[in-house]
1. With a bin width of 10 angstrom, please list the P(r) values of segment 1-95 as percents of all Cα-Cα pairs, from the 0 bin to the one holding the largest distance.
2. Which lysines have a Cα less than 19 Å from the Cα of Lys99, not counting those fewer than 8 places away in the same chain?
3. In deg cm²/dmol and to the nearest 500, what is the mean residue ellipticity at 222 nm of the chain if only DSSP H runs of at least 4 residues count, each as -39500 (n - 2.57), divided by the residue total?
4. Taking R0 as 41 Å, what FRET efficiency do you get between Lys125 and Gln48 from their Cβ-Cβ distance, rounded to the nearest 0.05?
5. Considering Cα pairs under 8 angstrom that are at least six residues apart, work out the relative contact order of the chain and quote it in whole percent.
6. Calculate the spin-label point distance for Asn73 paired with Asp142, positioning each point 7 Å from the Cα along the beta-carbon direction, and give it in nanometres.
7. What number, in percent, do you get for the relative contact order of segment 1-95 if the mean sequence gap of Cα pairs under 8 Å and at least 6 apart is divided by its residue count?
Amino acid sequence: MHIYYVYQYIRKDGTPYYIGKGSGRRAYVSQRTIPRPTNINRIQIVAQHLSEPEAFLLESKLIAIYGRVDLGNGILHNKTDGGDGGHNVVNKIAWNKGKKQTPEHNQKISLALKSYVRTKEHNQKIKENHRRPSKGKHWWTDGVTELMSVALPGENFYRGRLNQRSFA
């Protein structure tokens, strides 16, 4: 099936910083390691209606052309050479990978964590953070209606909820 496409994220200066392969809304969804451009116009579809092997091939070619920052040979923040699978992945191995901790060391960590006491201010900050709406959305009100949105919905709206502000 020809449902795949190749896309690129563009910097403000017009150069790409990430090349990817996707289908559906993949190019427009935030990813774990590479930030999606806030301006949707800086997401460009390079080619569409491709089979998966065609999309992998084009993605790999574009990454090879622009090069990768982590390899020191280009401008892209891709972590692999593209294509099917993780070819030429630059891994940073943890300093303690494969090392076992002694029971004494584990006991020291346990005691240190048990003796840590959070202040009331710290607990209050944690509670406030858990109350916040997810993914950058905030409550907005005009004194009559409430709605949740990322951006200011209108000039008469201010940030907050009806029960958080008194009207005199």
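1. Result returned by the calculation: 17, 49, 29, 5, 0.
2. Counting by Cα, and skipping residues close in sequence, Lys99 has these lysines nearby: Lys108.
3. -7500 deg cm²/dmol
4. FRET efficiency, Lys125 to Gln48: 0.35.
5. Relative contact order comes out at 14 percent.
6. 5.8 nm
7. About 29 percent, as a whole number.
Here, each number is a calculation from the coordinates, and none is a lab measurement. Remember, predicted model here, so these are calculated numbers, not experimental data. Ideal geometry is used to build each Cβ from the backbone, glycine not excepted, and the neighbour counts take in all protein chains shown.
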